1. Identify the single condition in (1) modelled with pLDDT of 95 or more; (2) among the aliphatic types (A, V, I, L, M); (3) in contact with a Leu (Cβ under 8 Å, 6 or more places away or on another chain) that VAL312 does not satisfy, given that it satisfies every other one.
2. Being open to solvent by 10 Å² or more (accessible area, probe 1.4 Å) and within 13 Å of the ligand (Cβ to nearest atom) is the filter here, so list the residues in the stretch 188-206 that pass it.
3. What residue, of GLU492, GLU517, GLU509, is open to solvent by 30 Å² or more (accessible area, probe 1.4 Å), assigned to a helix (DSSP H, G or I), out of contact with any Gly (no Cβ under 6 Å at 6 or more places or on another chain) and without any contact (Cβ under 8 Å) to a residue 12 or more places away in the chain?
4. Kindly indicate which of VAL90, VAL164 is touching a residue at least 12 places away in the same chain (Cβ under 8 Å), touching a helix residue (DSSP H, G or I) at 6+ places or on another chain (Cβ under 8 Å), away from the ligand (no atom under 13 Å from the Cβ) and not aromatic (Phe, Trp, Tyr).
5. With respect to GLU279, determine if the residue is in the same structural domain as ALA407 (by TED's automatic domain parsing) and open to solvent by 30 Å² or more (accessible area, probe 1.4 Å).
6. Give the number of residues within the stretch 145-159 that are open to solvent by less than 80 Å² (accessible area, probe 1.4 Å) and either among the hydroxyl-bearing types (Ser, Thr, Tyr) or more than 28 Å from GLY261 (Cβ to Cβ) (or both).
Amino acid sequence: MPSLQDVFSPEGLLASKIPGYRLRPQQLEMAERIAAAIAGNSVLVAEAGTGTGKTFAYLVPALLSGGKVIVSTGTKNLQDQLFSKDIPTVRTALGSPVQAALLKGRANYVCHYHLERALADGRFLTREDAADAHRVARFARISKTGDKSECADVAENSGVWPLVTSTRENCLGQECPSHKDCFVLAARREALAADLVVVNHHLFFADVMLRDEGTAELLPACNTVIFDEAHQLPETASLFFGDNVSTSQVLDLARDARLEGIASAKDCLDLPKLCGVVEKAAKDLRLTLPVEPARFALAQLQERAGFDNNLVGLIRELDTLGALLETQAARSEGLESCWRRAGELVAALRRWQNGRADDGGTDYVRWGETYTHSLQLNATPLIVAGIMQKQMSGHPRAWIFTSATLAVQQNFDHYCGEMGLVGAESASWESPFDYARQAVLYAPLGMPEPNTYAYTEAVVHAAFPVVQASGGRAFFLCTSLRAMRRTRELLEEALERAGLEFPLLMQGEGSKNELLERFRRLGNAILVGSQSFWEGVDVRGEALSLVVIDKLPFAPPDDPVLSARIERMKQDGLNAFMDYQLPRAVINVKQGAGRLIRDETDRGVLMICDPRLIGKHYGKRIWRSLPPMKRTRELAEVLAFFKP
Ligand code: SF4
């Protein structure tokens, strides 16, 4: 077996396969630490600055380790990149026979059973959906994987997908007549047989940890779990360690029960009628809240006229439907499954209504979130550390948590505390980039307080000369959608006044990938975005030379989960701002700043307009956590930076 030196050295195995490969001491060091953690079954929290090459730093020891490894990434895009690009490169370089598998959530695979049901029913919302269903059927007949991303004839956001894929609730599992040909189960079997399985965080928490069918054996069989983009985990873990139930699940059940009735219980005339009653009850509950999607604390929900009564009404109607389904359950697996689902939904709604009784000492906050057509009721744990610890205990294995942004001034206490990583080792490697030469951190003088009226005007006013100097090529990262829209308007006016024609792009005017593609291609564009552009965005080279951050990204304190956590920390005598809100904001700023310099030749300016960065005592903790860029408050210095 080759040593890590053999792999990473300038004449090593990677160098022989990757054109332009250079040894980065940080990368080798990181690989050594990860190899040691794998060998010792320990927990390692590793921060690697942009450009360290962390992907290879964990893939090489993972492939050399000989055990079974799960790698979990932040998004499906990253999953695909890892599986189709990085893993094959490392595997070829090492000449390693390791078998890798890509596993996605079940919503990504066509479900034979529901596809057949939908086609038999033939009632689709639009003609296009009906045509898409037939396209999916053709695809399912010839596809080996059933992965919807390979079904090029049907758009990713087609309305037909929810009808022809499965959910954990509506999957019939062993009882399914298509069990033998099932794509979901085939993908899971393949993952079980592989040495290296690539998943994403949502799948990891939803299925692997919580043991959905066919994934239950995955974690027990594995020796190493590696989380990339691990800064996202506290959020994901909260989401999945909690409970939630949605009116869209109720609507799905009503639809499925109706279809099952048509297939196996045509004579049960009450069934379609009751399905209609349940649908109406679910919609009525949604209608007690404003149309615009939002999040609501429990008290806000209970204050809404009709909320409590409509919730009681929905539970009652679902219960009645469940009782009817019980009388029909023996007639088909599908009807039996609907009966079971009705019971589970009633139980979940009651649990939410009454608060969880079996919480094992964990506090949960109850809240609701509305989407255009549905309402989701959530119970989220205030602290995930204990649950995470329990999940990680048992069989000894190595756990690696890595990201470019985990620490606050080299300190991992916040992250480890939140994730329950007691006794974890930690390490950080700085980016190999020469930030002092490549980048400038600019905090403009004379900015008003961020809560003042016309703050966005002040941001655009201060940033516009820099935008002119950089020739567009800028990201504006805003902390709210309202600020994002206003920024776009103001930039449009300013560009017109100045007679400049830099193309303006805004989040929402296309998919994130499309927008980024256009941004790269245009070469002088300005992209205005909010949260979703703060991370996971990679624009190398000249197209991006300026990142403007309007305000320090503190999460809104009226968010139901955050405000409950703050309250809880206060009760425990902790300083919620310093111990929780600030570290989270630091990680967010680091993510936003990380968009700017992506390789050794990139140059650019990070402009943070919020005066609290300099004016408040905690601002220091933020800028000291950033890479060591040259710092200035002088516009002239920034303009000079862009001069050829
Ligand atoms: S086992 Fe589940 S996912 Fe597979 S075909 Fe049957 S219902 Fe669909």
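The values are calculated or read from the model by the stated rules, or taken from the named source; none is laboratory data. Predicted model only: the values in this text are computed from it and were never measured. Neighbour counts run over all protein chains shown; Cβ positions are idealised from the backbone, glycine included. All accessible areas refer to the heavy atoms of the entire protein, side chains included, with ligands and DNA or RNA removed. Shrake-Rupley method; radii C 1.70, N 1.55, O 1.52, S 1.80 Å.
1. (3)
2. Let us first name the residues in the stretch 188-206 that are open to solvent by 10 Å² or more (accessible area, probe 1.4 Å), namely 189-190, 192-193, 195, 200, 202, 206.
Within the stretch 188-206, just ARG189 meets the criteria.
3. On the way: GLU492 fails: without any contact (Cβ under 8 Å) to a residue 12 or more places away in the chain; GLU509 fails: assigned to a helix (DSSP H, G or I).
Among GLU492, GLU517, GLU509, only GLU517 is open to solvent by 30 Å² or more (accessible area, probe 1.4 Å), assigned to a helix (DSSP H, G or I), out of contact with any Gly (no Cβ under 6 Å at 6 or more places or on another chain) and without any contact (Cβ under 8 Å) to a residue 12 or more places away in the chain.
4. Working: VAL164 fails: away from the ligand (no atom under 13 Å from the Cβ).
Going through VAL90, VAL164 in turn, the sole match is VAL90.
5. Numbers: in the same structural domain as ALA407 (by TED's automatic domain parsing): no; open to solvent by 30 Å² or more (accessible area, probe 1.4 Å): yes.
No; evaluated as a whole, the condition is false for this residue.
6. Keep residues of the stretch 145-159 that are open to solvent by less than 80 Å² (accessible area, probe 1.4 Å), which gives 145-148, 151, 154-155, 158-159.
Now drop any that are not either among the hydroxyl-bearing types (Ser, Thr, Tyr) or more than 28 Å from GLY261 (Cβ to Cβ) (or both), which leaves 145, 147, 151, 155, 158.
Summing the residues that are open to solvent by less than 80 Å² (accessible area, probe 1.4 Å) and either among the hydroxyl-bearing types (Ser, Thr, Tyr) or more than 28 Å from GLY261 (Cβ to Cβ) (or both) in the stretch 145-159 gives 5.
A quick yes/no check of all residues on (1) at pLDDT 95 or above; (2) among the hydrophobic types (A, V, I, L, M, F, W, C); (3) in contact with a strand residue (DSSP E or B) (Cβ under 9 Å, 6 or more places away or on another chain); (4) away from the ligand (no atom under 16 Å from the Cβ):
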position: LYS76; (1), (2), (3), (4): no, no, yes, yes
position: LYS85; (1), (2), (3), (4): no, no, no, yes
position: GLY95; (1), (2), (3), (4): no, no, no, yes
position: VAL98; (1), (2), (3), (4): no, yes, yes, yes
position: LEU103; (1), (2), (3), (4): no, yes, yes, no
position: ARG106; (1), (2), (3), (4): no, no, yes, no
position: ARG117; (1), (2), (3), (4): no, no, no, no
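Here is a yes/no grid of residues against (1) farther than 27 Å from ARG473 by Cα; (2) at pLDDT below 90; (3) not hydroxyl-bearing (Ser, Thr, Tyr):
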residue	(1), (2), (3)
ASN513	no, yes, yes
GLU535	no, yes, yes
ASP538	no, yes, yes
ILE549	no, no, yes
ARG568	yes, yes, yes
ASP579	yes, yes, yes
LEU582	yes, no, yes
